[in-house]
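Scroll down for the structure; my scribbles are underneath it.
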Amino acid sequence: MPDVASSNQTPAGGSRGAGVRADAARVLDAVMHRGRSLKAELSTAQSRIDDGRDRALLEAMVMAALRNRADYEATLKSWLPRPLGQRDNDLRALLYAGLAQLDAMGLPSHAAVDATVEAARVLKRTHQAGLVNAVLRRATREPLVRADAQAGWPQWLLQRLRADWPEDIEAILHASRTSPPMWLRVNRRKVDRDAYAAQSREHGMDVQVPEHPVDALLLETPVAVSALPGFGDGLVSVQDGSAQQIADAFTLKAGMRVLDACAAPGGKTAHLLEREPGLQVIAADIDARRLRQVSEGLQRLGLSAQTLIADATQPDAWWDGQAFDAILIDAPCSATGILRRQPDILLHRRAEDVAALAGLQSRMLAALWPALAPGGTLIYATCSILREENDRQIEAFLRRTADARLEPLDAIFGRDTGFGHQRLPGEDGMDGFFYARLQKQ
Ligand SMILES: C[S@@+](CC[C@H](N)C(=O)[O-])C[C@H]1O[C@@H](n2cnc3c(N)ncnc32)[C@H](O)[C@@H]1O
């Protein structure tokens with residue numbers, strides 16, 4: 001968790017601490033009860049907060065409340081004389097934020113309770129401040145009611161996971177609600193990994209230097225991005241270890257023409273260029289707003305690529321006919337491998353979305369394959385753990401594509417599924433991820 005405890009040291013019940021708790025309740029209410037996206041709501045709320053510690057506290061509360069939603073629901077069900085109705089949605093959200101502070105985040109109880117009770121007043125729930133106080137005080141004295149590990153998961157997804165990963169289902173459920181470590185990617189164009197690790201330790205950060213991925217550093221306790229030495233100067237980026245391994249799946253040489261077909265917000269484009277700045281990269285994405293983040297990120301890191309607003313399923317509309325030596329399809333997917341980072345997916349994803357995404361992924365593979373030069377490499381990747389989007393997708397592609405050959409990847413990419421490699425969430429401390437390396441004959 002970022003540096004949030006200090007933010008709690010605002011005068012107990014002071015308006016600043018209460019304001020952040022009220023913001024957390026508003027974000028949670030929108031996400032849990034009105035189908036809104038966590039990322040969008042959180043970033044809007046954070047953009048209105050000046051203090052970096054308060055922004056971090058807001059994020060930590062919202063994440064902890066969503067990851068442990070099922071426990072807090074079970075606790076309120078058991079402790080309240082009557083269930084809260086729809087008219088009390090923001091109150092429920094505030095109680096979740098309060099329980100998260102005491103439970104998952106382990107914040108000092110006095111300040112957490114006082115500021116959350118005060119937040120009830122900010123939310124114009126003064127008449128219910130006593131109830132918030134009673135619930136949170138009880139939580140300081142008694143253990144919470146724990147829900148079954150499967151509570152809060154949609155049935156369709158549990159069924160899929162039981163079918164796809166019968167041996168691993170418990171581990172997946174557990175890892176998906178665990179707060180992830182922070183992975184950094186050191187920009188080898190600017191600084192050596194060991195030197196950056198030493199610099200970080202001088203700033204009091206507890207960094208580990210893993211064997212893989214080779215540009216990565218690992219922090220068990222995340223810090224605010226603004227606390228990372230040299231972040232603004234492009235020395236380092238925040239990127240999960242699984243995503244960093246994409247660069248290891250390619251063999252890159254100066255002058256190669258590379259298409260990153262789903263590039264935004266640009267973490268993998270940047271990493272490819274940090275590895276080999278002599279690449280000619282086209283970073284394409286269908287979303288113009290997200291594509292701007294690619295340019296901004298590259299600028300911070302001192303790298304450059306051509307960016308292109310393009311639909312990967314329609315290369316006829318934008319491809320100049322010059323074949324690519326390497327193509328990355330980091331495909332839009334169910335994101336079931338990163339529930340620990342995007343816990344709202346459990347609330348919002350529908351079974352029919354997966355079929356639609358699998359159709360889109362299949363069209364991308366089919367449309368971009370002709371743009372790959374003979375002997376060229378296409379990496380297909382997702383942050384999904386559903387076989388429909390991963391090994392079954394590749395199996396079907398190989399069946400219908402005579403000049404495609406699946407190439408081996410080594411064990412650092414996770415388990416071999418026969419049609420690629422899969423890492424399940426939390427394995428090696430990383431996100432759930434799928435990789436397949438295809439070569440054109
Ligand atoms: C998993 S994200 C890519 C993450 C990115 N590679 C990175 O490392 O930062 C998938 C991206 O696919 C884009 N996308 C979705 N449909 C697309 C399409 N038809 N053509 C191109 N991009 C598409 C989305 O806008 C999204 O940015």
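The values are calculated or read from the model by the stated rules, or taken from the named source; none is laboratory data. Just so it is clear, the model here is predicted, and its values are computed rather than measured. Every residue, glycine among them, receives a Cβ derived from its backbone with ideal geometry; neighbour counts consider all protein chains shown.
Points to keep in mind about this one:
- Residues that are surrounded by fewer than 17 Cβ atoms within 10 Å (Cβ to Cβ) and assigned to a helix (DSSP H, G or I) within the stretch 115-128 comprise Thr126, His127, listed in sequence order.
- Being under 29 Å from Arg341 (Cβ atoms), acidic (Asp, Glu) and out of contact with any Asp or Glu (no Cβ under 6 Å at 6 or more places or on another chain) holds for only one residue in Asp431, Asp410, and it is Asp410.
- Of all the listed residues (Ser242, Ser237), the sole one being out of contact with any Asp or Glu (no Cβ under 7 Å at 6 or more places or on another chain), within 12 Å of the ligand (Cβ to nearest atom) and not in a loop (DSSP other than H, G, I, E, B) is Ser237.
- Residues of the stretch 315-350 satisfying the condition of being surrounded by fewer than 13 Cβ atoms within 10 Å (Cβ to Cβ) and away from the ligand (no atom under 16 Å from the Cβ): Asp320, Gly321, Gln322, Arg350
- Among the residues of the stretch 245-266, those identified as in contact with a helix residue (DSSP H, G or I) (Cβ under 9 Å, 6 or more places away or on another chain), touching a residue at least 40 places away in the same chain (Cβ under 8 Å) and not in a strand (DSSP E or B) are Gln245, Ile246, Asp248, Ala249, Phe250, Leu252, Ala261, Cys262, Ala263.
- Matching helices (runs of 4 or more DSSP H) fully within the stretch 15-82 where at least 3 residues are free of Cβ contacts under 8 Å to residues at least 24 places away in the same chain and over 19 Å from Arg137 (Cβ atoms): 38-47
- Counted residues, the stretch 366-398 - those being within 12 Å of the ligand (Cβ to nearest atom) and among the aliphatic types (A, V, I, L, M): 4
- Considering the conditions (1) in contact with a strand residue (DSSP E or B) (Cβ under 9 Å, 6 or more places away or on another chain); (2) closer than 21 Å to Gly241 by Cα; (3) part of a loop (DSSP other than H, G, I, E, B); (4) away from the ligand (no atom under 12 Å from the Cβ), Arg300 is excluded by exactly one of them, (3).
Every residue, every condition in (1) surrounded by fewer than 16 Cβ atoms within 10 Å (Cβ to Cβ); (2) basic (Lys, Arg); (3) modelled with pLDDT under 95, yes or no:
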site: Pro2; (1), (2), (3): no, no, yes
site: Gln9; (1), (2), (3): yes, no, yes
site: Gly13; (1), (2), (3): no, no, yes
site: Arg21; (1), (2), (3): no, yes, no
site: Arg26; (1), (2), (3): no, yes, no
site: Ser43; (1), (2), (3): yes, no, no
site: Gly52; (1), (2), (3): no, no, yes
site: Tyr72; (1), (2), (3): no, no, no
site: Gln86; (1), (2), (3): yes, no, no
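- In the stretch 253-267, the qualifying residues are those that are over 12 Å from Ala326 (Cβ atoms) and within 8 Å of the ligand (Cβ to nearest atom), and the one that is surrounded by the fewest Cβ atoms within 10 Å (Cβ to Cβ) is Pro265.
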